[in-house]
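For reference, the structure is listed below as structure tokens.
Quick note: the coordinates plus some simple rules give every number you see, no bench work behind them. Just so we're clear, the structure is a prediction, and the values are computed from it rather than from any experiment. Cβ placement follows ideal geometry from the backbone for every residue including glycine, while neighbour counts extend to all protein chains displayed.
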Amino acid sequence: MINKKGIAVILLIFLACFLIQAQAIEVKSVLLKFSLHKGESITKNFSISSIDGGEIKLQLKGTTEGVRLMDNEVVLDSGEEKNVEISFDAETIKEGVYVGHIELTKGKELQIIPVIFEVESKDVFFDANLEIPVKYSEIMPGEKILVQLNVFDLNAGTKRGLNSSSLDVEYTVHDLNGNNIISEHENFVVDGQVTVSKTMNFPKDIKEGQYVFSAVIKYRSSVGIASELFTISKTSSVNFNGLNFPDTGLILIFISFIFLTLILFFVYIIRDRDKMFLELRQYNNDELARQKELLNEQAKIVGLKSGVSKEKVKKEIKEKIEKIKKKQRQRVDEYRKLKKDLTPAQMKAKLEEWKRKGYNTTLMELKLRNLSTNEMKSIMQKWKEKYKS
């Protein structure tokens with residue numbers, strides 16, 4: 001049964017359709033995030049389109065070190081889409097996290113694209129994955145955030161493994177203007193791999209908006225980085241008490257619109273959930289194909305080595321593929337559980353999060369036994385370049 005709050009929200013959405021014009025600027029990229037090693041550089045594109053066309057101004061704000069927009073304005077015809085180049089250069093800047101945003105303006109309309117630029121050291125001994133649970137991806141001012149950091153030794157299980165090592169980790173919360181809002185340090189010991197949880201509290205007067213949580217992992221000359229975007233916003237409930245409508249006719253019109261909107265709303269939810277489930281299945285298939293390609297590239301090198309049984313290599317590949325499939329099945333099961341509690345928008349955000357992170361499969365989990373670490377890194381570099389977004 002739909003409660004009053006739900007009906008009120010739907011009513012506001014409907015009214016917004018009358019009061020707000022269609023967006024004049026449309027962008028496909030909700031986030032521009034790139035990670036490079038010291039000395040590397042890359043140029044990427046993001047697309048801008050407009051239903052009615054016109055001039056769109058672009059401005060890079062916040063920490064702009066190492067980041068450059070190739071165009072400050074774009075002129076579009078009606079319905080036209082154009083690509084804008086943006087370059088990331090880690091040649092002269094220090095290792096660290098650089099946060100900013102791109103402002104796109106057309107008349108009075110403003111669109112913002114967050115920019116995260118991670119610069120790691122040339123040689124990374126310890127890398128990490130950072131995950132913000134759905135519950136904490138959007139919090140209110142004065143609340144806390146919880147993140148989970150998975151740190152792993154890239155050479156674990158080999159002769160070059162570092163065994164038990166003490167790491168320094170710097171946690172930082174950045175706003176999109178490049179300011180460091182909160183920063184904390186921590187030291188812990190890693191033997192192969194470790195997962196830690198970190199919480200941070202925010203003041204009640206903190207500004208609403210998008211923020212970046214980053215973790216910089218330092219060990220001697222090695223600097224590894226993980227980061228994630230989250231939102232701080234006030235939630236508001238809508239109460240019909242005190243709302244005075246001019247006449248009974250207008251009330252009846254509003255009620256009719258509410259019922260029509262409810263019908264469309266439920267149709268939209270059912271269609272969108274099914275669409276996202278199919279999208280997840282397709283992503284599983286694409287991801288599996290990529291992982292198979294990575295394993296087959298390793299098999300080509302291992303197969304040329306003397307004393308290596310091809311049957312054992314095939315068996316090892318089969319076992320690793322089965323592990324990947326198991327993770328995919330777990331993700332499908334998790335999706336089915338989450339869709340009972342989350343809205344389509346939250347499910348869409350979760351799906352995009354899974355796409356960005358893949359399945360958290362580390363380099364050593366995919367490496368075949370008879371392949372050296374250097375050979376694996378060479379294959380991984382080519383594989384990452386091929387599928388870089």
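Taking θ = phi - 60°, what integer Hz values does the Karplus form 6.51 cos²θ - 1.76 cosθ + 1.60 yield along the stretch 316-330, in sequence order, with x for Gly and Pro?
Once θ is set to phi - 60°, the couplings for the stretch 316-330 become 5, 4, 4, 5, 5, 5, 5, 5, 4, 4, 5, 5, 5, 5, 5 Hz.
Given a Förster distance of 35 angstrom, what is the FRET efficiency for D168 paired with L264, based on the Cβ-Cβ distance and rounded to 0.05? It would help to have the intermediate numbers written out before the result.
On the way: r = 54 Å, r/R0 = 1.53.
The pair D168/L264 has a calculated efficiency of 0.05.
With θ taken as phi - 60° and the coefficients 6.51, -1.76 and 1.60, list the Karplus ³J(HN,Hα) couplings across the stretch 193-200 in order, rounded to whole Hz; mark glycine and proline as x.
7, 8, 10, 10, 10, 9, 10, 9
Taking the Cβ of each residue in E279, E311 as the centre, tally the other Cβ atoms inside 10 Å and list the residues starting with the fewest. Write out the running numbers ahead of the final one.
On the way: E279 14, E311 7.
If I rank by nearby Cβ atoms, fewest first, I get E311, E279.
Among the trypsin sites (Lys or Arg not before Pro) in the stretch 80-178, which ones are in a DSSP loop with at most 15 other Cβ atoms within 10 Å of the Cβ? Mind listing them?
Values: sites: K82, K94, K106, K108, K122, K135, K144, K159, R160; in loops: K94, K108, K122, K159, R160.
Sites meeting the loop and neighbour criteria: K94, K108, K122, K159, R160.
Among R369, R331, which comes first, then next, by fewest other beta-carbon atoms within 10 Å?
Values: R369 11, R331 17.
Neighbour counts put them in this order, fewest first: R369, R331.
If the chain between M200 and L338 were fully stretched, how many nm would it gain, using 0.36 nm times the residue separation less the Cα-Cα distance? Show your work: numbers first, answer last.
On the way: separation 138, 0.36 × 138 = 49.68 nm, distance 2.52 nm.
My answer for the length gained is 47.2 nm.
Expected output is a single nm value to one decimal: the length gained when fully extending between L31 and T64, i.e. 0.36 nm times separation in residues minus the C-alpha distance. What is it?
On the way: separation 33, 0.36 × 33 = 11.88 nm, distance 1.54 nm.
Full extension of this stretch gives 10.3 nm more.
Listing Y171, Y283 from the residue with the fewest other Cβ atoms within 10 Å to the one with the most, what is the order? Intermediate values should be presented prior to the final figure.
Values: Y171 19, Y283 16.
Ascending Cβ contact count within 10 Å gives the list Y283, Y171.
Could you calculate the FRET efficiency of F188 with F230 from 1/(1 + (r/R0)^6), where r is the beta carbon distance between them and R0 is 25 Å, rounded to 0.05?
Working: r = 23 Å, r/R0 = 0.91.
With R0 = 25 Å, the Cβ-Cβ based efficiency is 0.65.
Taking amide H positions as placed 1.01 Å from N in the peptide plane, with prolines and chain starts having none, which residues 5 or more places from E40, or on another chain, fall under 5 Å of its amide H?
A90
At 0.36 nm per residue, and after removing the present C-alpha to C-alpha distance, how many nm does the segment from N177 to E322 gain when stretched out fully? Numbers along the way, then the final one.
On the way: separation 145, 0.36 × 145 = 52.20 nm, distance 4.42 nm.
So the extension gain works out to 47.8 nm.
Using 13 Å as the cut-off for backbone N distance, which residues of the stretch 94-134 belong to the label zone defined by a point 7 Å from the Cα of F46 along Cα→Cβ?
Those under the cut-off are 99-105, 111-117.
Got a sec? Which residues in the stretch 28-70 would a label at T92 touch, if it sits 7 Å along Cα→Cβ and we count backbone N under 20 Å?
36-44, 60-70
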